[in-house]
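Since the structure comes first, as structure tokens, the remarks are kept for the end.
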Amino acid sequence: MKRVLLLATTTGYQTRSFGDAASALGVELIFGLDRCRGLEDPWGDHSLAVRFYDDPRSVAAIASASQDGPISGILALGDQPTVLAARAAELLHLPFHSPAAARTSRNKLDSRNALMAAGLRVPWFAAADIDDDHDRLASRVPYPSVIKPLALSGSRGVIRVDNPHAFSTAFRRVRQILRAPDIKTMKDPALRQVLIEGYIPGVEFAVEGLMHHGVFEALALFDKPDPLDGPFFEETIYVTPSAHDAAIQEAVLTAVAAATAAIGLSHGPVHAECRANADGVFVLEVAARPIGGLCARALRFDVPRAGIDPGTRSGPIGSRETGLLAQGRQTEGHTISLEELLLRHALGEDVRGCRREACASGVMMMPIPNAGVYRGVRGVAEARAVALVEDVIITAKPGQRLVPLPEGASYLGFMFATAGLGEDVVAALRAAHGRLHFDIDRELPLAPSG
């Protein structure tokens, strides 16, 4: 049985999806999780205890595990494990992104510098320490601008500001986020800084892709139909294929391919975020890992009956008739999940013969409307009954403390829909969300003691 090392921050629903895919393939997953070394297998998953801020000791633990049997592939879930995954792949002589590229992709300042050096479009940008004088900075910054942590994902801590007063208020707020206990445990020096950059107007896209020995391959291009104008940037709906014209799609994919080359990403999954306007395409980030949460369930891929064979593939990235992004190609094979596709790729298979299924699909990440304690939800059955909706999954747990953006880092759940047209997917997701009623008790401020 082949073994794949999966580095992740939690044993959550995304790791379970990979576990299901591995079982279907007959592959053994070895989990490398950031958990306490002092406990003997606390979750019963036989995982390795690693620390994503301690590469030497964690790499040594992985090397020891490889002595029990060869590790044939490696994957990382979430931004934090990517650098360790790259170091482990280097040790085990497995194809993956290089450590230097993984570090660059994880740091927004380093990424901006790499993109600028390659001649790609970037907004003006500068870095500041969280203890800098925010009022002095506010007097020198052009507006509108955006403040964001250097090494957090999911729009956590990202705030648009339109004037000096808003800048000072937002800077203090981001400083408090970066001093939160869960951030401090990451022990990442980059989280002592923030990136300040010009606000980029325009429409936003997400790109799911794969680097195959240095060549970028597009898996899916998502539209984000809800405007993301700020002051916070909470994402809700992703839908693919894109409804924008072919020229814009081609420009987005070309820009992402150039960005992966500028950063130096070489082999494995990539997830990119972009904005496009009259000036062109601005790549906001390219991460060396797949799409997060349960969003991958919006993607399925057709495998031809003859198996995964890229021999008939030709044409440019993003071609409407060729490549992984091609839509509507009929196949006599079967469909696989994104997790299975990535596991196959990690094991050395050339998966470029796969195509995303012909239908339009989408996911809604259900936002947290207000802070408080989650008690439950009504209307799930009614939401699932909406035509075209495939599933509604509530991930919040009763009694859980909910924190919305920009401080928060989670959603209430996910819902999925498929249809012939993307606009019908979006309408179904909105209709289903309208049938849900979340019960959230607002937290009361603590009275002073004494």
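The values are calculated or read from the model by the stated rules, or taken from the named source; none is laboratory data. From a predicted model like this one, the values you see are computed outputs, not experimental measurements. Cβ atoms come from the backbone with ideal geometry, glycine included; neighbour counts cover every protein chain shown. Heads up: the accessible areas ignore ligands, DNA and RNA and are worked out on the full protein's heavy atoms, side chains in. Shrake-Rupley method; radii C 1.70, N 1.55, O 1.52, S 1.80 Å.
Observations on the model:
- Close contacts from the range 373-398, counting a first residue that is polar (S, T, N, Q) and a second that is assigned to a helix (DSSP H, G or I) and surrounded by fewer than 18 Cβ atoms within 10 Å (Cβ to Cβ), with Cβ to Cβ under 7 Å and a gap of 6+ residues or different chains, come to T395/Y13.
- Complete set of residues in the range 204-224 that are aliphatic (A, V, I, L, M) and farther than 30 Å from I130 by Cα: V207, L210, M211, V215, A218, L219, A220, L221
- Scanning the range 216-235 for residues that are farther than 25 Å from T169 by Cβ and assigned to a loop (DSSP other than H, G, I, E, B), we see that the one that is least open to solvent (accessible area, probe 1.4 Å) is K224.
- 3 or more residues exposed (fewer than 14 other Cβ atoms within 10 Å of the Cβ): qualifying helices (runs of 4 or more DSSP H) within the range 108-215: 164-178, 181-184
- E382 out of contact with any strand residue (DSSP E or B) (no Cβ under 9 Å at 6 or more places or on another chain), modelled with pLDDT of 95 or more and more than 28 Å from E340 (Cβ to Cβ): yes
- Enumeration of residues in the range 399-410 that are touching a Leu at 6+ places or on another chain (Cβ under 9 Å) and in contact (Cβ under 8 Å) with a residue 60 or more places away in the chain: G408, A409
- Within the range 57-68, the set of residues being out of contact with any strand residue (DSSP E or B) (no Cβ under 6 Å at 6 or more places or on another chain) and either open to solvent by less than 30 Å² (accessible area, probe 1.4 Å) or assigned to a helix (DSSP H, G or I) (or both) comprises R57, S58, V59, A60, I62, A63, S64, S66.
- Of the residues screened, E250 is not one that is open to solvent by 10 Å² or more (accessible area, probe 1.4 Å), under 29 Å from T335 (Cβ atoms) and either in contact with a strand residue (DSSP E or B) (Cβ under 9 Å, 6 or more places away or on another chain) or among the β-branched types (V, I, T) (or both).
Results for (1) modelled with pLDDT under 90; (2) of a type in the set (F, W, Y); (3) open to solvent by less than 50 Å² (accessible area, probe 1.4 Å); (4) in a loop (DSSP other than H, G, I, E, B), shown as yes or no for each residue.
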site	(1), (2), (3), (4)
R16	yes, no, no, no
A24	no, no, no, no
R35	yes, no, yes, yes
E40	yes, no, no, yes
I71	no, no, yes, yes
A85	no, no, yes, no
A89	no, no, yes, no
